[in-house]
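The values are calculated or read from the model by the stated rules, or taken from the named source; none is laboratory data. Nothing here was measured: the structure is a model prediction, and the numbers come from that model. We place every Cβ from the backbone using ideal geometry, glycine too, and count neighbours over all the protein chains shown.
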Amino acid sequence: MSMRDTTSLADPETRSEAVIENRTFDEIKVGDSISLSHTLTAKDIELFAAVSGNVNPVHVDPAFAHDDMFHQIIAHGMWTGALISTLLGTELPGPGTIYRSQTLNFRHPVVVGDTVVATVTAREKHPPGGIVLDCRVVDQAGNVVMDGVADVIAPEKKIRRPRVALPEVRMEEPGIRHRELIAKTGGHDLLSTAVVNPVDHVSLTGAIDAARAKLIVPILVGPREAINAAAQTGGVAISDYEIVDVPDAEAAAAKAVDLVLDGKAETIMKGALHTDVLMHAVVAGDHNLRTERRLSHVYVMDVPTYPRALLITDAAINIYPDLEDKRDIVQNAIDLAHALGIEKPKIAILSAVETVTPKIKSTIDAAALCKMADRGEITGGTLDGPLAFDNAVSAEAAKTKHIVSPVAGQADILIVPDLEAGNMLAKQLEYLADATGAGIVVGARVPIILTSRSDSVLTRMASCAVAVLLAHYQRGRAKTAP
């Protein structure tokens, strides 16, 4: 008997040298046997469910693990059967084997953490190529968890070649961080929200969905007839919500500002109008929502391949910000991070290189921002820069370049040089890394929810959740201010 631990196949060095070789019918003797050992993990079950489509809650729902009856049948027989198939197809007889029939009996449960040994043993040979093999899987306690018989046709020709290196598989759950943000709003008061010009199905539905999720209380500001038509087209019931009738998008934006200044709305949500129309009303004249800080846009990105929420700023408001603008952009992002529960955010000031050079203005700005933080002009976070994108998000990349930094490889906030860079970075993550970005404008008297027509329902909900968390954070700071 020979034994092979499948965990060794994950080692790149071992894998590169491994070969796959069969045993022909003539080479196999009755009694020949091969085994492999494997420890069942939660990831194994998730991967098996993803590939097979078997989402039986007995196997994939943790709630069933607490039910004694279901615990006894969580054996995941198909998984143990797959171990037998692996041995037959890769070891004994190996490549070229043709299944004829198989009978397996599942006798004992296998649960996460169990280590099993699967074994196949040649029992009979039936020329010209038939082989009958006994199949057996035993757990670490010696329990026979599965046994049975496989009838195969063994290969006639010898096959020996390098073992195919399997790709690394990562199990990610898109949207998990946005759902966590939404969950954090539980217990907070609903925000009265002026929804500006919700005259199409997408913007109106987004607002109503957020209301049903108990995130906001929408005030629908726009042409009444157009809002009602959008509701009728989309089959959305809006009779429970206030409509403020104004003639067009410009008037809706101005009215939304009035509602905030009058204390009737605590936030603004963009509907079917251009961002510049909305923002013009927010900052225009003396009747505006400005504060002492410059307004800036922040994407709260949910990137499945990154271990935490990632804030990117500014990708929608400030086109070519100067150093003073960037100071406000950084501080706005830090305050938002605090509102989201990130107590000491790590801020990477991005550029194309990691060294300060007069030929690249963003490196000079990065160095200046870090010095401003050292002198207390920016507070509440840890800054470092200039950092290239790879060094900001990858500890391995930073180590390779010998960058010693409390931020490198673990950034919570990315400060981009300008709007073009931020917009392209966010969209690259969205379309190439399955990321989603909840959008919000900060630095005004109230949060301003910026959504896109292409946003999913979850992303729109997350944008509202960010606004709720920020509004309550600002409210708390106002109460404690001297």
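Some points to look at:
- Total residues in region 153-205, condition surrounded by 14 or more Cβ atoms within 10 Å (Cβ to Cβ) and under 30 Å from the mean Cα position of the chain (by Cα): 25
- Checklist (1) in the same structural domain as residue 468 (by TED's automatic domain parsing); (2) more than 30 Å from residue 42 (Cβ to Cβ); (3) among the hydrophobic types (A, V, I, L, M, F, W, C); (4) touching a strand residue (DSSP E or B) at 6+ places or on another chain (Cβ under 8 Å) applied to residue 230, failing item: (4)
- Total residues in region 428-447, condition in contact (Cβ under 8 Å) with a residue 12 or more places away in the chain and polar (S, T, N, Q): 1
- Condition broken by residue 220, with the remaining ones in (1) assigned to a strand (DSSP E or B); (2) surrounded by fewer than 23 Cβ atoms within 10 Å (Cβ to Cβ) satisfied: (2)
- Only one of 286, 302, 328, 314 that is over 29 Å from the mean Cα position of the chain (by Cα) and either surrounded by fewer than 16 Cβ atoms within 10 Å (Cβ to Cβ) or assigned by TED's automatic domain parsing to the domain that holds residue 427 (or both): 286
- Residue 416 assigned by TED's automatic domain parsing to the domain that holds residue 467 and under 25 Å from residue 470 (Cα atoms): yes
- Count - residues of region 183-205 that are touching a strand residue (DSSP E or B) at 6+ places or on another chain (Cβ under 8 Å) and part of a helix (DSSP H, G or I): 2
- Residues located in region 334-361, provided they are without any contact (Cβ under 8 Å) to a residue 60 or more places away in the chain and surrounded by fewer than 21 Cβ atoms within 10 Å (Cβ to Cβ): 343, 344, 352, 353, 355, 356, 357, 358, 359, 360, 361
- Residue that is farthest from residue 35 (Cα to Cα) [pool: residues in region 101-146 that are of a type in the set (Val, Ile, Thr) and free of Cβ contacts under 8 Å to residues at least 40 places away in the same chain]: 132
- Residue 135 satisfies every condition listed in (1) modelled with pLDDT under 95; (2) surrounded by 12 or more Cβ atoms within 10 Å (Cβ to Cβ); (3) under 30 Å from residue 41 (Cα atoms); (4) of a type outside the set (Gly, Ala, Ser) except (1).
- Pairing each residue of region 453-482 that is under 18 Å from residue 269 (Cα atoms) with any residue that is at pLDDT below 90 and among the hydroxyl-bearing types (Ser, Thr, Tyr), provided the two are 6+ apart or on different chains, yields C-beta distances under 7 Å for 460/451; 463/451.
- If the condition is being closer than 26 Å to residue 445 by Cβ and either part of a helix (DSSP H, G or I) or touching a helix residue (DSSP H, G or I) at 6+ places or on another chain (Cβ under 8 Å) (or both), then region 224-254 contributes 227, 241, 243, 244, 245, 246, 249, 250, 251, 252, 253, 254.
- So residue 257, is it assigned to a helix (DSSP H, G or I), at pLDDT 95 or above and either basic (Lys, Arg) or over 24 Å from residue 457 (Cβ atoms) (or both): yes
- Test result for residue 398, without any contact (Cβ under 8 Å) to a residue 40 or more places away in the chain, surrounded by 17 or more Cβ atoms within 10 Å (Cβ to Cβ), part of a helix (DSSP H, G or I) and more than 15 Å from the chain's Cα centre (by Cα): yes
- Residue in region 260-272 that is assigned to a helix (DSSP H, G or I), surrounded by fewer than 20 Cβ atoms within 10 Å (Cβ to Cβ) and in the same structural domain as residue 452 (by TED's automatic domain parsing) present: yes
- Looking across region 292-344, the residues that are of a type outside the set (A, V, I, L, M) and in a helix (DSSP H, G or I) come down to 324, 325, 326, 327, 328, 331, 332, 335, 338.
- The numbered conditions (1) of a type outside the set (S, T, N, Q); (2) surrounded by fewer than 24 Cβ atoms within 10 Å (Cβ to Cβ); (3) touching a Lys or Arg at 6+ places or on another chain (Cβ under 8 Å); (4) part of a loop (DSSP other than H, G, I, E, B) are all true for residue 403 except (3).
- For region 362-389, the set of residues classified as modelled with pLDDT of 95 or more and in contact with a helix residue (DSSP H, G or I) (Cβ under 7 Å, 6 or more places away or on another chain) consists of 365, 368, 369, 372, 377, 378, 380, 381, 383, 384, 386, listed by residue number.
- Scoring residue 410 on the criteria (1) surrounded by 19 or more Cβ atoms within 10 Å (Cβ to Cβ); (2) within 19 Å of the chain's Cα centre (by Cα) leaves a single failure, condition (1).
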